[in-house]
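The values are calculated or read from the model by the stated rules, or taken from the named source; none is laboratory data. Keep in mind that this is a model prediction, so the values were computed, not measured. All Cβ positions, glycine included, derive from the backbone under ideal geometry; neighbour counts span all protein chains shown.
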Amino acid sequence: MSRIKNAFNKKPQRVLNVYCTAGFPALDSTLDVMLALQDNGADLIELGMPYSDPLADGPVIQDSSAIALANGMTIEKLFEQLTGFRNKITIPVILMGYMNPVLQYGFEAFCAKAAEVGVDGLILPDLPQYEFEAEYGAIVKKYGLDFIFLVTPETAEDRIKQLDKLSSGFLYAVSSSSTTGNDKDFNAVEKYLERLQSLKLTNPVLVGFGIKDKETFDAASKYTNGAIIGSAFIKAIGGKENVQQATKEFLTSVLK
Amino acid sequence: MGQETFQQPNEHGYYGKFGGAFIPEMLHRNVEELRTKYLEIINEPSFKEEYAYLLKDYVGRPSPLYLAERLSEKLGTNIYLKREDLNHTGAHKINNAIGQVLLAQRLGKKRIIAETGAGQHGVATATVCALKGLECIVYMGEKDIERQAPNVARMKMLGATVVPATSGSKTLKDATNEAIRDWINNPVDTHYVIGSVVGPHPYPDMVARFQSIISEEIRKQLKEKTGSELPTHVVACVGGGSNAAGAFFHFLDELSVQLVAVEAAGHGIDSGMSAVATKLGTVGVLHGSKNLVMQTADGQVVEPHSISAGLDYPGIGPLHAHLYESGRGKFIYATDDEAVEAAFELTKLEGIIPALESSHALAGLKQLNLTKKDIVVVCLSGRGDKDMSTYMKYVK
Ligand SMILES: Cc1ncc(COP(=O)(O)O)c(C=O)c1O
C-alpha cells in the first residue's frame, strides 16, 4: 500500500498537508522545513519545485519560487537534498511543479529518480487528463508514484468522477476558481465541498487554495478529509532566521 | 495520425509533436468551451458577415499588396509588400482581435483580457472593445510599458485598463502569465484574447484562421498583378508567429512556395541576448502548448532579448515549431542592428516607416540570394509610429 493511502487509513480526518517551496527561504532549508513540518503535526508534505513561470500560483508562491531559484535550487539539486531523507522523514511527500522543468529533466528519468529517493506522489497542474492518459500516466504508474489531479468549483460532475478515477492518493479540491493564495469568500466554498462530499468519490479529498488558519482548516475539514495550506505557510516562514520555530508557531496556531 | 495538411492541427491541437493543451484544471472549463464551440461559431453566416464587414469598412481591408520598385531594384528581385501596416490601429493584430471579440460576444462574455508586447495587440483589442462597449484589461510587461509609451497612451484613451506585469523579465512572457492568472480567477464572464498563435489548443488554430485573411488576399492580389497566385517566397517576422501564420496559411500546402520566418537575434544569436526560439530552444511547455522554448538546463524559461517588444518572446507557436522541425519552413534570424538598418532602408527608398518587428522580415531578405526571377511577398506586419523613440536614437 502506498504511503499516502496508509496515512489516510490511519488518520482519515483533519489531514493537514502543508506546501513548502524547495530551496526557500534558504537553499539548504528544504529538509529543515520538512522536518519541522513533520515534528509539529503536518500529515503530508507538498514540496514545490520552483519554476520561473508558475501559472497557477499567486504572488506569495511566485515570490518564494523566484527566491528559491535565485538561491540556486534546481531539480538536480533537490534530488541531491532528498537523497537519504527517508531516514528522518516518514510522512508522505508529494512533489508539486510544472511540466516544463520536468520535461527538460526527462519525464521518465524524473519519475524514476523521485521514486528512488522516496517521494510518494506528484502534482503537476499543467499535465491535464488527455495528455496523462495518452502518454504520461503509464510512466507515473510504472514507478509506483501516486498522481493527484485537481478539481475546481467549475469542474462538471462527470469530469470530477473521471479525475477521481485517474487519481491515486487523494483528490485535490481547489476551493475556488483562483490562483493560490487568493482570499475568496469561504461560505460559497462550503456549498461546493458539500457537493463533492455527496459524490462518494473513491479517493480522499483535500481542499487547497485559500486555507490559511484554524478557521478555514476547520471549515474545510468539516466536509472533506482535510486541507492543504500553502501561501499562508510560505508567508509565515518567509524571511525568518529560525524556520523551525516559525513552522512550530504556525502549525500550533492552525491545529490548536 | 497522418497529417495531410500543415494548415490544421489534429483534434487534440497537435501540429506534429507540438501543440496540445497543457493547462491547469482551473482553465479547463473556459478552454473546453472554446474548443467545442469556436469552429461552429466562426462558420455561422451571421459571424462571417459581421467579421467581413468590419474587416472591410472598419479595418480598411483588403490591405494593399504593393510592389516596392526601388527596394526591388536595389535587391535585384521583385518585392511585394503586404501592407498590414495600413490597417486601422497599424498592424495585423486587429484581424485577430475583431475575430476573437465577436466570438467572445457570442459566448456571452462581458469582460475581455489580453496580453501585449509591443502594444499593438493591446491597442487592437482595446479598440474592438471600445467599438463593442466591452470592459477591457490589458496586461503589459513593465519594461514594455516604458519602451512603447505611445501605445500605452492609446490603450488608456480607448478606455482599457493597462496592468503592468512586474514578475520575471517584465516583458511579453510575463504579461501572458498575468493574463492567464486573471483568467483563472475569472472563470465565467471573461474571454482571454490571445494575440498570437500561441497558447493551448484551440488558440493557435483559431488565431491562424483569423489571420489567414492575409494570405487569402495575397493570392488574389498576386494573381491580378502577376498572373499567378503563387509567389516564390513569403517572408514574415516571427514573435509568437501570428502574422507569419496568416501570411503563410494559404501557401502552407503549396510546396513550391518557400516560407521564410525571420526570428529576432537581438545582439546576435550567441550573445545570450536574443530571441531565436527555434535554434536556441528545446522542446518544452510554455503558456499551455508544447513548443520550442528557450530555457536553462534546469527547465527555467530564460529572458529573451529583442529591440522589438513584439518579438521578445522565448517560445514560438506550435505551428511554427512544426514547420521548423519538418523543414517546411525556412527559419532565419536578424539582429537588432540589421533590423534597424532595414527599417531605414525601406523608409529612404519607399517612404514607408515599418514597425521594428516587420523590419526583421525586411532584414531577412538579404540572406535569401534572391534573383530577378523571384516573386517575393513580405508581410509588412505593422507601421513604425510606436517605435519612433527607438529609431530616433539612430538618427545622426
Ligand atoms: C507589427 C508587429 N509585427 C509582428 C509582431 C509579432 O507577433 P506575431 O509573431 O504574432 O505576428 C507584433 C507583435 O506585437 C507586431 O506588433
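In table form, for the structure just shown:
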| item | result |
| --- | --- |
| Criterion: out of contact with any Leu (no Cβ under 8 Å at 6 or more places or on another chain), within 14 Å of chain A (Cβ to nearest Cβ) and either among the hydroxyl-bearing types (Ser, Thr, Tyr) or away from the ligand (no atom under 13 Å from the Cβ) (or both) - qualifying residue of B:286, B:255 | B:286 |
| For residue A:253: the one exception among (1) surrounded by fewer than 22 Cβ atoms within 10 Å (Cβ to Cβ); (2) touching a residue at least 60 places away in the same chain (Cβ under 8 Å); (3) among the hydroxyl-bearing types (Ser, Thr, Tyr) | (2) |
| Condition check for residue B:159: away from the ligand (no atom under 16 Å from the Cβ), at pLDDT 95 or above, part of a loop (DSSP other than H, G, I, E, B) and in contact with a helix residue (DSSP H, G or I) (Cβ under 9 Å, 6 or more places away or on another chain) | yes |
| Residue match in the stretch B:264-271 (condition: in contact with a strand residue (DSSP E or B) (Cβ under 9 Å, 6 or more places away or on another chain) and within 13 Å of the ligand (Cβ to nearest atom)) | yes |
| Matching residues, the stretch A:138-161, being more than 13 Å from every other protein chain (Cβ to nearest Cβ), more than 25 Å from residue A:31 (Cβ to Cβ) and touching a strand residue (DSSP E or B) at 6+ places or on another chain (Cβ under 7 Å) | none |
| Residue in the stretch A:10-26 that is without any contact (Cβ under 8 Å) to a residue 40 or more places away in the chain, surrounded by fewer than 22 Cβ atoms within 10 Å (Cβ to Cβ) and not small (Gly, Ala, Ser) present | yes |
| Set B:199, B:239: member being within 13 Å of the ligand (Cβ to nearest atom), on the phi < 0 side of the Ramachandran plot, within 22 Å of the chain's Cα centre (by Cα) and not in a helix (DSSP H, G or I) | B:239 |
| Residue satisfying condition, being touching a Ser or Thr at 6+ places or on another chain (Cβ under 8 Å) and free of Cβ contacts under 8 Å to residues at least 40 places away in the same chain, within set A:104, A:81 | A:104 |
| So residue B:178, is it outside the structural domain of residue B:20 (by TED's automatic domain parsing), of a type outside the set (A, V, I, L, M, F, W, C) and either modelled with pLDDT of 95 or more or within 12 Å of the ligand (Cβ to nearest atom) (or both) | no |
| Selection status of residue B:37, surrounded by fewer than 16 Cβ atoms within 10 Å (Cβ to Cβ), under 17 Å from residue B:129 (Cα atoms) and outside the structural domain of residue B:319 (by TED's automatic domain parsing) | no |
| Qualifying residue in the stretch B:109-117 (condition: acidic (Asp, Glu), surrounded by fewer than 24 Cβ atoms within 10 Å (Cβ to Cβ) and not assigned by TED's automatic domain parsing to the domain that holds residue B:373) | no |
| Residue identified as at pLDDT 95 or above, within 30 Å of residue B:18 (Cα to Cα) and among the basic types (Lys, Arg) among A:11, A:88, A:113 | A:113 |
| Total residues in the stretch B:209-220, condition within 11 Å of the ligand (Cβ to nearest atom) and touching a Phe, Trp or Tyr at 6+ places or on another chain (Cβ under 6 Å) | 0 |
| Boolean, residue A:149 is aromatic (Phe, Trp, Tyr), touching a residue at least 24 places away in the same chain (Cβ under 8 Å) and under 22 Å from residue A:96 (Cα atoms) | no |
| Which listed residue is in contact with a strand residue (DSSP E or B) (Cβ under 7 Å, 6 or more places away or on another chain), charged (D, E, K, R) and within 14 Å of another protein chain (Cβ to nearest Cβ), from A:126, A:120 | A:126 |
| Cross-chain or 6+ apart pairs with Cβ under 8 Å, the stretch B:172-185 first and facing chain A (nearest Cβ under 10 Å), then part of a helix (DSSP H, G or I) | B:180/B:27; B:183/B:27; B:183/B:30; B:184/B:26; B:184/B:27 |
| Residue match in the stretch B:121-129 (condition: within 17 Å of the chain's Cα centre (by Cα), within 14 Å of another protein chain (Cβ to nearest Cβ) and either of a type in the set (Gly, Ala, Ser) or within 16 Å of the ligand (Cβ to nearest atom) (or both)) | no |
